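First comes the structure, then the notes that go with it.
Each reported figure results from applying straightforward, stated rules to the coordinates on display, with no laboratory input. Since we're looking at a predicted model, the values are computed, not measured. Don't worry about glycine lacking a Cβ; one is built from the backbone with ideal geometry, like all the others, and counts go over all protein chains shown.
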Amino acid sequence: MRNAKKTCLGKCCLGIESSADDFGVGIATFEGEILANKSDSYIPLEGGIHPREAARHHAEVADKVLGEALAKAGVKPSELSVVAFSQGPGLGPSLRTGATVARALASYLNIPLVGVNHSVAHIEIGKLKTGASDPVTLYASGGNTMVTAFESGRYRVFGETLDIALGNCLDVFGRSAGLKGKKGLPVGAAIEQLALKGTKLVTLPYVVKGMDLSLSGLLTAATTALQKGDCTLEDVCYSLQENAFSMVTEVTERALAHTEKKEVLLTGGVAANKRLQSMLAIIAQEHEAKFNVVPLEFATDNGAMIAWTGVLAFKHGLVTPLDESFVKLRWRVDKVDVPWIQ
Ligand code: AMP
Ligand code: MG
């Protein structure tokens, strides 16, 4: 990232998200209005995300999604001021496809390119859409699970998963139980519905180590419990949710107690879950903090969050030259300077 020449401040930024299964394009004004947020998701025929197939999907739909976003925003390409893209973390082939589209667009239009950290973008869109200003954030999605809060120039990680992400834990369990994610209904949402009918708490591992947590043992135990056949799918879904959500809530509460911040923010795809929301609302209330949850449209991976974070970065003088625009598969949130926060 280098300092931008402050001569080309303009009106809006187009953001491209492509870190995993979603190809999203969003357009944000420099004042924080989201003019468009369009996406198309790769749905595997079976199993989890195949990175090469996801990248092929993204390349196939890029033109269509870009066109939809520009049409929705009522913006011509020539009116764009900045192009932002998700530079990492994520799956290499998926990230590279979005980065290639972003580079081509920025070069053709001769406007600045801004590489955005995907995790920072989830936090920033949550703040923009809820009005939270300095929250302890639980970011829980298909690929990431972490508790962060701003301190000394960066979002610091107070606790995180040591193995798989919360959404991934739910997705792998759900698929092994034969639950298929259909368009509009993620596997995590199918588990949420079944969990509502669960009545018996099945004994499953609860693994919090210091401020970090581990979900892979819980996943194995939940899958085994179901295969043994001595408990119902509804009870296992209920128990899996209770344990996994209690673990992330415990870590969030401890970060809240330590930082004494007055806001909690839930963001990422798993933020859609009402049971998780209710657990976090309780700990927020106990610490006299306001609980905020990102609206559903902006919970899962989306282009608008990249566009808005691109605006924040660009307005603070950050641009990404082409020769530094390579993707960063393991780009941690705590390696990113966020000069827009004082
Ligand atoms: P993301 O990685 O941010 O695009 O979010 C996708 C993840 O969110 C997947 O793991 C989904 O299963 C999960 N998800 C979506 N809706 C829900 C829900 N209602 N409850 C739990 N997980 C969900
Ligand atoms: Mg996704």
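Here are the numbers for this structure:
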{"read-out": "Residue in the range 194-215 that is touching a helix residue (DSSP H, G or I) at 6+ places or on another chain (Cβ under 7 Å) and among the small types (G, A, S) present", "value": "yes"}
{"read-out": "Selection count where residues are touching an Asp or Glu at 6+ places or on another chain (Cβ under 8 Å) and within 16 Å of S119 (Cβ to Cβ), scope the range 154-169", "value": "7"}
{"read-out": "Any hit, the range 41-57, residues being closer than 13 Å to I306 by Cβ and assigned to a strand (DSSP E or B)", "value": "no"}
{"read-out": "Single residue of L256, L312, L240 found to be in a helix (DSSP H, G or I) and touching a His at 6+ places or on another chain (Cβ under 9 Å)", "value": "L256"}
{"read-out": "Sole exception among (1) in contact with a Gly (Cβ under 6 Å, 6 or more places away or on another chain); (2) farther than 22 Å from V157 by Cβ; (3) away from ligand 1 (no atom under 16 Å from the Cβ); (4) touching a residue at least 60 places away in the same chain (Cβ under 8 Å) for V251, by number", "value": "(2)"}
{"read-out": "Hits in the range 138-154 - residues which are surrounded by fewer than 24 Cβ atoms within 10 Å (Cβ to Cβ) and either among the aromatic types (F, W, Y) or out of contact with any Pro (no Cβ under 9 Å at 6 or more places or on another chain) (or both)", "value": "F150, E151, S152, R154"}
{"read-out": "Matching residues in the range 91-117 - criterion: being assigned to a helix (DSSP H, G or I) and either farther than 14 Å from F326 by Cα or more than 22 Å from the chain's Cα centre (by Cα) (or both)", "value": "R103, A104, L105, A106, S107, Y108, L109"}
{"read-out": "Verdict on G88 being more than 13 Å from G26 (Cβ to Cβ), more than 14 Å from ligand 2 (Cβ to nearest atom) and within 21 Å of the chain's Cα centre (by Cα)", "value": "yes"}
{"read-out": "The range 285-310, subset of a type in the set (G, A, S) and touching a residue at least 40 places away in the same chain (Cβ under 8 Å), residue surrounded by the most Cβ atoms within 10 Å (Cβ to Cβ)", "value": "A307"}
{"read-out": "Criterion (within 30 Å of Q342 (Cβ to Cβ) and within 12 Å of ligand 1 (Cβ to nearest atom)) met by exactly one of I191, I164, I125", "value": "I125"}
{"read-out": "Breaking point among (1) small (G, A, S); (2) more than 29 Å from T29 (Cβ to Cβ); (3) within 16 Å of ligand 2 (Cβ to nearest atom), for A271", "value": "(2)"}
